[in-house]
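The structure appears right after this line, and notes come after that.
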Amino acid sequence: MLVGVGQVRGNRARTVEGAREPLPLILEAVTVAAADAGVDLAAVDSVSTVHVASWAYDELAARIAAAVGATPAHLADTTVGGQRPAELLEAAAARIAAGESRLALITGGEAQASATALYRAGLDPAAHGWSTTPGGPPDFTESGLRSGPMQAAGLLLPTRVYPLFENALRAARGETVEQAARASAELYAAYSAVAARNPAAWNPEVRTAEEIGTVGPGNRMVCEPYPLAVNAMPHVDQAAAVLVADRDTARELGVPDDAMVHVWGGAAAHDAVDVLARPSFARSDALADVLDRALGQAGVTPADLDVVDVYSCFPVVPKLVAEHLGGPPAPGVTGGHSAFGGPLSSYTLHAVVAVAGAIRAGARLALVHGNGGYLTHEHALLLARDAHPRGYVGDPVPRDTAGPAPDRVDEVPGEEVVVETATVEHDRDGGPAQAFLVARTASGARYGASTARGDAASAAALSLERGEVVGRRVRATSKDGHVVVEPVRARRTERP
């Protein structure tokens, strides 16, 4: 069970004077969690840390253990992945249920706002006193985030990949571009209202759906259909920590019963790393699997959930969760990646903190969802006010849900193809800069490629400004590692 939680925010003003590296920020969150539980951290026998991207540390868990005076038998540091906090909490709960651990600490954080402030001032963080031994400049270690075909197609950034899922889902639902965009804006307005009540939120201002959905100065289009306001905000200084124990240990340490939040357990799954090998861009089999298993193992239904807190790096993720559970997307209790802030791999740890607070305040059962990669690595967890009748009911072993990959071609010789999904990336001046196409040939094979940067005509042929792009017929010609796209005479649109 969770016995202590803590989160902190630092240097929101982004000043050089207030710039701190991630480690002291993380240790501050650990101190808050220890004070919340009222325990001596020397009793911790397990320390796990979520990957830190804004500054590199060797053996971060060991450094934290030494800093708090603990000598844990178990230490773990992860690679990149938004599912990692849920994964670590699941693993800690499983070890505790098996009698292998009594008091576990899980923590993580980022200081990208401070790092950016220093770089913009022409200062090297290392020269500013940030740790270099062990550790140093950022190391964005990957773990199943992309493939060779994705790289060849230019699909290297979340801002480019998630819109492909959004556009495919919208078309599969039969929604108009305007309807789907409005739904995204309304959801993120609701997130902003939640973030305004979260003391660790990076952007605690309530925003309207009109503000979020209107493209203009300060809210430029990034990749269609997502303006900046619905993109994750990773340039933050935020850290979180949680302490996990069994009931007997918690009581021995003096933790009151009303502060305990039970970890029922959950489920993990992963899909094909290569998004171009997914059977469909309109669904996530890994996501559906973890939701079904987490609820099924516990013997509950979506109607039993008081809180659903979803990883919300982009609107398509909470939309997919809501569609599978039935009902509209829930704003949760954290605040979302754009309003609360998106401290990369550690966001879900903040969600656990917020959900624990909701349960202490009266909620009975909550689902916390973590997402890594491009709907690649999924984890769902159930937290509750009361213990499950069967104790820990989770499954910490990820399931491989990769489906059969479609046939693919690497080049097309100037033939008509049907757009399966696409997105157009805009430059900072608002103009279309580059398009990313996933299409089906006449034989049904999938073709994925990007247009050359600056090829405005090809980008215009795939833009949502012309209306629905999915099902649109275009002429595609592979050229110098890119694709040239031309519109064709209007005809009945087809679903790929």
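Observations
- Taking label points 7 Å from Cα along the Cα-to-Cβ direction, THR31 and GLU59 give a separation of 2.5 nm.
- A full extension of the chain between GLU465 and GLU416 corresponds to an added length of 15.6 nm, given 0.36 nm per residue minus the alpha carbon distance.
- Working from Cα pairs under 8 Å separated by at least six residues, relative contact order for the chain is 20 percent.
- Only Lys, Arg, Asp and Glu carry charge here, each on its Cβ (+1 for the first two, -1 for the last two); on that basis the chain has a dipole of about 1000 debye about its Cα centre.
- The alpha-carbon atoms of the stretch 413-487, seen along their principal axes, cover 39, 28, 16 angstrom, with the largest extent given first.
- Length-normalised contact order of the stretch 413-487 in % [C-alpha pairs under 8 Å, at least 6 apart]: 35 percent
- 222 nm mean residue ellipticity, helices alone, for the chain (DSSP H n ≥ 4; -39,500 (n - 2.57); rounded to 500): -8500 deg cm²/dmol
- Axial C-alpha extent at least 15 Å, average Kyte-Doolittle at least 1.0 - helices from the chain (DSSP): 22-37, 347-360
- Put a plus charge on the Cβ of each Lys and Arg, a minus charge on the Cβ of each Asp and Glu, and nothing anywhere else: the dipole of the stretch 413-487 about its Cα centre is then about 180 debye.
- Taking the charge dipole of the chain about its Cα centre, with +1 at Lys and Arg Cβ atoms and -1 at Asp and Glu Cβ atoms, the residue from PRO413, PRO227, THR159 reaching farthest to the positive side is PRO413.
- Electrostatic tally near GLN238: other residues with Cβ closer than 10 Å to its Cβ, Lys and Arg +1, Asp and Glu -1, net 0.
- Cut-off 13 Å between beta-carbons: net charge of the residues surrounding GLY481, Lys and Arg +1, Asp and Glu -1: -2
- Residue-count net charge about SER48 - beta-carbon cut-off 14 Å; Lys, Arg +1, Asp, Glu -1: -3
- Contour excess over end-to-end distance, with Cα ends at GLU175 and GLU210 and 0.36 nm allotted per residue: 10.7 nm
- Long-range Cα-Cα pairs in the chain (distance over 33 Å), rounded percent: 38 percent
Throughout, read-outs are computed from the coordinates displayed, never taken from laboratory work. Note that the structure is predicted; figures quoted are calculated from it, not measured. Methodologically, a virtual Cβ is constructed for each residue, glycine included, from the backbone with ideal geometry; neighbour enumeration extends over all protein chains shown.
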